[in-house]
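Written below as structure tokens is the structure these notes are about.
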Amino acid sequence: MARTEVRGTFSQFGPRRPASAGRLARTLGCTNSALRPFTSKPAKNQRRRGEEIRMLHGSCHCGSVHWDWTHDVLPDGATACNCTVCRRYGVLWIYDFEGEGIRVSGPTKSYIRGKGVEFHFCPECGCVAFWRGQQTTPEGKRRIAVNLRLTEPEPIARVPIDHFDGLDKFEDLPRDGKCVADMWF
């Protein structure tokens with residue numbers, strides 16, 4: 001399957017919402033902690049407006065499943081969640097709406113947790129590639145998150161880690177100063 005690289009400017013994409021995982025979960029009617037959304041807080045690694053959009057590419061181990069993240073900035077954080085699913089998968093999530101800043105391709109199988117989220121993995125090598133919300137927003141948009149661990153480490157090494165307590169409190173935890181490079185073993 002051929003991939004197309006998308007280019008544009010920040011002004012074409014605009015801000016991302018909602019602003020909290022709890023609000024998103026209530027919107028979707030679920031309690032899954034993997035629903036921490038993309039936010040547009042300024043990041044140290046932010047590019048200037050008008051520059052070409054940055055593309056990150058991730059793929060499973062065998063190369064069958066791919067995702068592309070296209071924005072003018074690197075993600076302002078990657079979420080490490082401790083819910084019963086995410087801690088077992090060992091994933092780091094980045095978020096957006098399906099078909100906007102994130103595109104996925106390739107055959108997957110899914111594990112559906114409750115009524116909120118379906119986790120997609122490669123049927124060949126088993127890598128967890130992304131989750132997709134089962135419901136759409138009133139505007140018809142569907143939330144999606146991709147596993148940042150499926151990309152090369154160097155471009156994302158300085159992306160801060162956001163911790164999310166999806167097991168007990170269902171809330172964001174304070175940043176501890178660690179970044180993705182601290183999570184690579």
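Each part gets one Cα centre, and for region 52-110 versus region 143-185 those centres are 12 Å apart. Each of PHE170, PHE121, PHE164 was scored by other Cβ atoms within 10 Å of its Cβ. Arranged with the fewest first, they read PHE170, PHE121, PHE164.
Total lysine pairs in region 81-185 at Cα distances under 24 Å, for residues eight or more apart or on different chains: 4. The H on the amide N of GLY166, modeled in the peptide plane, is under 5 Å from the matching H of ASN82, CYS83, each at least 5 residues off or on a different chain. For region 131-145, 3J(HN,Hα) computed residue by residue from phi via the Karplus equation (6.51, -1.76, 1.60; θ = phi - 60°) reads 10, 10, x, 7, 10, 9, 6, x, 7, x, 8, 10, 6, 8, 9 Hz, glycine and proline entered as x.
Each value in this text was obtained by applying a stated rule to the coordinates, not by laboratory testing. From a predicted model like this one, the values you see are computed outputs, not experimental measurements. Counting neighbours? That spans all protein chains shown, and the Cβs are built from the backbone with ideal geometry, glycine included.
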